[in-house]
Structures are given as structure tokens and as C-alpha cells.
1. Once label points are set 7 Å from the Cα along Cα→Cβ at both Ser62 and Val99, what is their separation, rounded to one decimal in nm?
2. If r is the Cβ-Cβ distance from Arg471 to Asp121 and R0 is 25 Å, what FRET efficiency results, to the nearest 0.05?
3. One quarter of the convex hull surface, Cα atoms only: what value does that give for segment 5-110 in nm²?
4. For segment 52-97, with all protein chains present and a 1.4 Å probe, just round the carbon and sulfur fraction of the accessible area to a whole percent.
5. Can you give me the Cα centroid spacing of segment 71-100 and segment 422-477 in angstrom?
6. For segment 41-100, rounded, prolate or oblate, judged on the Cα gyration tensor with a ≥ b ≥ c (square roots of eigenvalues), a/c < 1.5 rounded, else prolate if a/b > b/c?
7. Using DSSP to call loops (not H, G, I, E or B), can you name the GluC sites (Glu not before Pro) in segment 53-153 whose Cβ has at most 11 other Cβ atoms within 10 angstrom?
8. Report the relative contact order of the chain, percent, no decimals, based on alpha-carbon pairs under 8 angstrom and at least 6 residues apart.
Amino acid sequence: MTRTTAGTRRDPHPAPPWARGDAVVIGSGIGGLLAARVLLDHFDRVGLLDRDRFPETPAHRSGVPQSHHAHGLLLRGREIIEGLFPGIEEDLRAAGATVERDRVPFQVVSPFGPLPLPPLDAEFSVYSRFLLEWQIRERLAAHPRLRLLEGTEVVGLAARPGSERVTGVRVRHRGADIDAVSVLAADLVVDASGRRSKTPDWLRELGYGEVAEETITSGIGYASRFYAKPDGFPGEWSGIVVNGRAPGNPRSGLVLGIEKDQWHVTLGGFAGAAPPTDEAGFLQWARDLPDPTVYECIRIARPLTPIRGYRTPVNRLRHFERQTRWPAGFVATADAVCAFNPIYGQGMTVAATDALVLDECLRDHADPPRGGVRPGFEREFQRRLAKNVAAAWTVAGGEDLRWPGIALHGARPRRGGKAVRRWIDLVLRAAVADPYLSGRYFDLIMMMAPPATMLGPRVLTHVARAAITGRLGVPGREFGLTDAALAAVRAFPDAGDMSARAG
Ligand SMILES: Cc1cc2nc3c(=O)[nH]c(=O)nc-3n(C[C@H](O)[C@H](O)[C@H](O)COP(=O)(O)OP(=O)(O)OC[C@H]3O[C@@H](n4cnc5c(N)ncnc54)[C@H](O)[C@@H]3O)c2cc1C
């Protein structure tokens, strides 16, 4: 089924005069949606394909099983998405997103204690992944030059033999005869089909050889559930993040206060340790977190859904930029290139920065006199994308390698990795008593500042002062998030017998 426009057909992003031809995006997750938005500035027409059929309201769909698990959007990701879709934060709020003013958006419990984070000056809203995806999709579906093709599964790339150019995609319409494959022609194909992308197989089939990749065997397990936030709950946060504590406690927890006064609770495990999906096991996992607040929240809240599990053995970086040959007319982006350990909440934000790289690279390769894109764009894009994801991949991989049993394959461990981890530990130990350092660390994990910030002169001075005065957090202690936050949760009565409450 094809959905084109709803409502007015005024073009909010008229294409520049040199825009030519058709672009097609495989996959309409966050990566594909943002890529499609950018392509509207460079091509006459954009086709956005997904094997799923889309729900009429913000809801889960089978092609994105991860949306059952809490998705935090980092500050950098918010900034970019608002830039690409001006007013979307407003719309998200109108659709019920939680809005916070002058508050700390997330309480973060580091392995050395809670971080004293300064409140943000700006308003801050919190929403589920499926509400965000729905809002973006609705905006794009209303665009007169975008065609949304649902129930359309891409089964391969189309190319003329020996031409070194991809000319479109081979698609099967879901529900149709298994052999009914047709070709959808395009001047540029963008693969945004997520962490299970078949691009390496498709390239091999076309004779482009094997794609080099790095994997980290993080062995992530998640278990999640939606809860009704208790009426009148006074907690001063929209989210609580409790990190596991290497090497002994691989349990992490997240409570995200999303739209409709719900708490989206996700428990996580590392290195093959997965939280159970039965009532008793789920609760016990929450109880065994290094901080009691997540458990206390679950105790007082009413479950709305069953508990859902998710496991992913490896995180993967595909080195498309190292291919000796690469077809014109084809690029890959977002999770199809780099699928991070979800625990650090980087995926959607990196997908947003990938979209900016696509825009910049298309601008640099625009061909105003003749129209279209100059040769060399595709390889250059994969090179720039590799640079774009490198810092986030290194930060996440460095954290993963703290855990016994987790290994990196396909690359040598980065030189100085252990020294970096020791330094970050020292910064964090100092940060638990220092709002300045907490703020810098928060900027780093929200991707508002590059990793090099952690070596800035002011950071060095603050850490040195904490070390000299002995004001350093100690690993291994049990924490209460903040006395006030924990007291607020504990003041609420227990919601009753857990086993009888799933709605
Ligand atoms: C458990 C978990 C928790 C996460 N938590 C966070 C978080 O807190 N914060 C964060 O920023 N990120 C998080 N992420 C990562 C985030 O989901 C992704 O990085 C982000 O959505 C970008 O993904 P994507 O668009 O590349 O792929 P996806 O979102 O996976 O979308 C891929 C799309 O492609 C479609 N598709 C696949 N194959 C085909 C095909 N052959 N033909 C047509 N369509 C196809 C699918 O139906 C789907 O719609 C998490 C991931 C997981 C697994």
C-alpha cells in the first residue's frame, strides 16, 4: 500500500533547482526517517520503504522490536531533530510528552554514586520512541514529494551487470506471492534497515567482496515494562539512570517518565547476564541494582503491560569505507553501519548526526550546472560517516571492555584504552561531589561535547583538587539516589500484589 500525503500539499522544503531524480530509503526507523528528510533537499522525489505496515496511532510495530525498551534521546539528538523538523518538540508536547522546566532531566547514578547535576535552563520534554517516530513519520507522510511505501520488503539491490552502479532496489510486497519481486528504480539508494541490514550479503552477491567489521561481544539483555505513574507522584525527575558496576554487578536500570503519565522501566544486563521476564525475577533484578530507587518505583507503580525481553549478543561496526570497490548510487547509514550497545542511548542521536553528514556530503557533491550528484559522493559519504561514528563507538566500546568476558573482534583494542578508563573513573569519583565535573560528564554522555572535553584544563584542575582534598566517591557502596528522591518514592504506598497487576 502506498501512502503519500495527508492534508495540504504545500512543499515545506522546496528542492533547490539542481535537485534531480529519485532517492529511495530502505527502512523507516529513526535513521531512515531523518535520512529521508535530508534527501528531500537534494532530490525531486524520495521513496521511504518499510516492510512493516504502520500503526494509525503511536504504537509498537514488529520491525522495531526495540521500541518495547526505554529509548532516551540525548540532548544533541533533540537539537538536530528540532532543526530538521522545526516545531516538533511543541507537537510532541501537544501529544502528551512530559515537560520539565528548570529541572535536572535525568538523575544519573554512576558506579561511584549519584551525580549532582545542575538543572537545565531550557524546557525539556520526554517521550517514547514510538511517539517520536510517529510524529516524524506523520510530518514526512504529509510531504508532497515523499512516497511512503509500507508492506514493502527490500530483498536485494538492482544493478546492471558490470556497471558498478546500483540502479534501484528489488522489492517484494508483503502478503503477495513469494516470487513476485519487482524493481523500484532510483538514482540513489540509502540503506537504513537497521542492525540486521543485509547490505554485506547484497554487496557480496553483486561481486563487491566481504565487508570488514568490528564486533564487541557485549551480550546485552533487556527486560522492560510500562507502568502507570502513581497519581500525585512528586518526584523531581523525568528519568533515573542506574549504571551497573564493573566487574561485579552487571545490572543496570532505567525509569523514563514518558507521555500519558507512564513510566517506561527497562532493566539491563551485560556479558550474557539478562534480566528475567517473570514477575519474581524482574523484581529481584531491580532489587539487586546498585541503587534502590528503580525498585522503589516499581513497587509503587501499576504495571500496564507484560514484561518484554530482548537480547543482542554483539554490537557491530561495519567498515564500508574500507571497501576497495563501492557501487555508485548506493550508501548505508545509521544502525546498518554502526549498531551500538543500546545501554548508552547513543543510537538515535548518532543516526541524527549521520543525517547531517549526509546533508553536508550531498551539498559538497551537488552539481548545479548539470543537476544531480557529482561522482565520488558515495565513497566520500562512507568515509565521513566512519569518522562521524568513531568517537561514540570508541567511548561505548571502551566502557564495554571493562567487563570480564567481553571481547573485541576485528580490530586491535585502541591504544591507551585502559588509561582512558582509569581517567574517566577518576573524573567520575570526583564528580559525585562536584557539580561542575558532573555537568561536563553529562555533556559528554548527552553528546553535547566531544570526549576531549574530559581533558580540558578546568576538568584537570577540579579532579586534582578533589584528589588532594580526598573528596572522591568510593565504589562498592550502596547508594540512595538522592535522599529527597528516594524519600518521595518511599512515601508512596505499595501498589499491591505484583503478580495480579499486569493489565
Ligand atoms: C534494546 C534497544 C534499546 C535501545 N535504546 C536506545 C536508547 O535508549 N536511545 C537511543 O538513542 N537508541 C537506542 N537504541 C538504538 C535505536 O533503536 C537505533 O539506533 C535507532 O533507532 C536508529 O536505528 P535505525 O533507524 O538505523 O534502525 P531501526 O530503528 O531498527 O529501523 C530499521 C527499519 O528498517 C525496516 N527494515 C528492515 N529490513 C528491511 C527490509 N529488508 N526492507 C524494508 N524495510 C526493512 C524495519 O522494519 C525498521 O522499520 C536501542 C536499541 C535497542 C536494540
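1. 3.8
2. Values: r = 27 Å, r/R0 = 1.08.
Once the sixth-power term is evaluated, E becomes 0.40.
3. Values: hull surface 37.1 nm².
Directional mean of the projected Cα hull area for segment 5-110 stands at 9.3 nm².
4. Values: 1000 of 1890 Å².
The value for segment 52-97 is 53 percent carbon and sulfur by accessible area.
5. 28
6. Numbers: a/c = 1.74, a/b = 1.08, b/c = 1.61.
Oblate.
7. Numbers: sites: Glu56, Glu79, Glu82, Glu89, Glu90, Glu100, Glu123, Glu133, Glu138, Glu150, Glu153; in loops: Glu56, Glu123, Glu150.
Answer by residue number: Glu56.
8. Numbers: 1056 pairs, mean separation 102.4, N = 503.
Contact order relative to length: 20 percent.
The values are calculated or read from the model by the stated rules, or taken from the named source; none is laboratory data. What you are looking at is a predicted structure, and each value in this text was computed from that prediction instead of being measured. Positions of Cβ are generated from backbone atoms using ideal geometry, with glycine treated the same way; all protein chains shown enter the neighbour counts. Protein only, heavy atoms only, side chains kept; ligands, DNA and RNA dropped before computing areas. Shrake-Rupley method; radii C 1.70, N 1.55, O 1.52, S 1.80 Å.
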